[in-house]
Amino acid sequence: MLQLQKVSLEIQGDIDFEILKNINLEFHEKKIYVVTGPNGGGKSSLAKTIMGVYNPTSGQILLDGIDITVKNITDRARLGIGYAFQSPPRFKGIKVKELLKMAASHNPEKVNICDLLYDVGLCAQDYLNRDVDTSLSGGEMKRIEIATVLARNLKVAVFDEPEAGIDLWSFQKLAETFKNIHSKYDTTIILISHQERIMELADEIIIMSNGTVSAQSERDIILAGIMNNDSCACSAKCVKGVGQNAECVG
Ligand SMILES: Nc1ncnc2c1ncn2[C@@H]1O[C@H](COP(=O)(O)OP(=O)(O)O)[C@@H](O)[C@H]1O
Ligand SMILES: [Mg+2]
């Protein structure tokens with residue numbers, strides 16, 4: 001349904017730098033994908049390229065067979081691709097119910113915002129009239145953002161490290177939330193995450209390192225590989241216990 005074909009992304013500067021290298025990926029309807037891998041591997045850049053924040057230097061992005069490679073963020077949002085920020089923005093003077101109504105306003109299917117809050121594990125009576133400001137905890141804000149994504153009835157929702165900044169207790173509930181919404185909504189979910197609990201939700205796991213897809217497979221196959229692999233992303237000359245730097249020795 002969403003396809004990336006030979007997508008490369010180069011940032012031009014003093015030295016040109018290729019962030020994404022010849023990425024081929026297919027995301028299917030109603031599935032959960034988890035993208036993981038070492039820091040700097042290109043995960044957020046992939047998310048931003050899907051959203052239209054970055055335009056690929058070469059390659060194509062297709063949504064339901066239609067070429068959206070040169071479409072901007074607004075066009076892609078209209079077509080049903082949404083992106084949940086790592087740190088959701090807060091808006092002074094807006095109430096939770098107003099934010100959700102705004103998000104739902106372009107959804108041709110009527111959504112009940114109380115049900116939406118319930119789906120993300122928040123009691124509507126307690127939250128509808130709360131301000132979307134710093135009085136909400138990180139976990140509450142993430143849930144409200146997930147509710148706004150659901151209100152839009154998206155085809156593809158990308159969540160960049162939804163666990164970031166969330167305490168362990170809220171995080172357990174957040175993982176349950178993703179599980180519940182998956183059984184209820186048709187959205188294809190792409191989760192960028194390092195957390196095993198989130199990976200356990202995946203139909204497929206994609207590992208990105210050094211700007212490439214280094215592995216992609218069903219969840220259990222990849223998880224078994226991760227558990228058995230003690231290699232690191234260091235260069236070949238970097239050997240554990242041997243180093244020019246005194247701090248590395250011993
Ligand atoms: N706008 C940018 N300009 C220059 N380098 C960038 C830019 N965005 C990302 N990068 C670099 O691209 C690489 C991949 O970054 P990113 O996609 O954020 O990785 P990840 O999300 O997997 O940690 C990193 O080396 C990062 O420093
Ligand atoms: Mg990132």
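Taken together, the values in this text are just the output of simple stated rules run on the coordinates, not laboratory data. Nothing here was measured: the structure is a model prediction, and the numbers come from that model. Note that we place each Cβ from the backbone using ideal geometry, even for glycine, and neighbour counts take in every protein chain shown.
Applied to region 73-79, the Karplus parametrisation 6.51 cos²θ - 1.76 cosθ + 1.60 on θ = phi - 60° returns per-residue 3J(HN,Hα) values of 4, 4, 4, 5, 4, 4, 7 Hz, with x for Gly and Pro. Compared with the dominant Cα axis of the chain, that is its longest principal axis, helix 138-151 is turned about 70°. Summarising the amide proton neighbourhood of G52: residues at separation of 5 or more, or on other chains, whose placed amide H is nearer than 5 Å comprise an empty set. Its convex hull of Cα atoms gives the chain a direction-averaged projected area, equal to a quarter of the hull surface, of 16.2 nm².
In this Cβ point-charge picture (+1 for Lys and Arg, -1 for Asp and Glu), region 1-78 has a dipole of about 320 debye about its Cα centre. A Cβ-based charge dipole, computed about the Cα centre of the chain with Lys and Arg at +1 and Asp and Glu at -1, lands at about 500 debye. In order along region 93-104, the phi-based Karplus estimate (6.51 cos²θ - 1.76 cosθ + 1.60, θ = phi - 60°) of 3J(HN,Hα) comes to x, 10, 8, 3, 5, 5, 4, 5, 5, 4, 4, 7 Hz; Gly and Pro are listed as x. Pairs from the table (K31/K184; K95/K142; K31/K101; K43/K71; K30/K155) lying more than 18 angstrom apart at Cα are K31/K101; K43/K71. Once the chain from D131 to H28 is taken as fully extended at 0.36 nm per residue, the excess over their C-alpha distance is 33.5 nm.
S8 to M227: FRET efficiency via 1/(1 + (r/R0)^6), r the Cβ-Cβ distance, R0 51 Å, to the nearest 0.05? That gives a FRET efficiency of 0.95. Our helix-only sum for the chain, with -39,500 (n - 2.57) per DSSP H run of n ≥ 4 divided by its residues, gives a mean residue ellipticity at 222 nm of -9000 deg cm²/dmol. Take 144-155, 3-14, 172-183 and order them by the average number of nearby Cβ atoms within 10 Å per residue, most first; the result is 144-155, 172-183, 3-14.
For region 202-207, backbone phi angles converted through the Karplus equation (6.51, -1.76, 1.60; θ = phi - 60°) give residue-by-residue couplings of 6, 7, 9, 10, 10, 9 Hz, Gly and Pro being listed as x.
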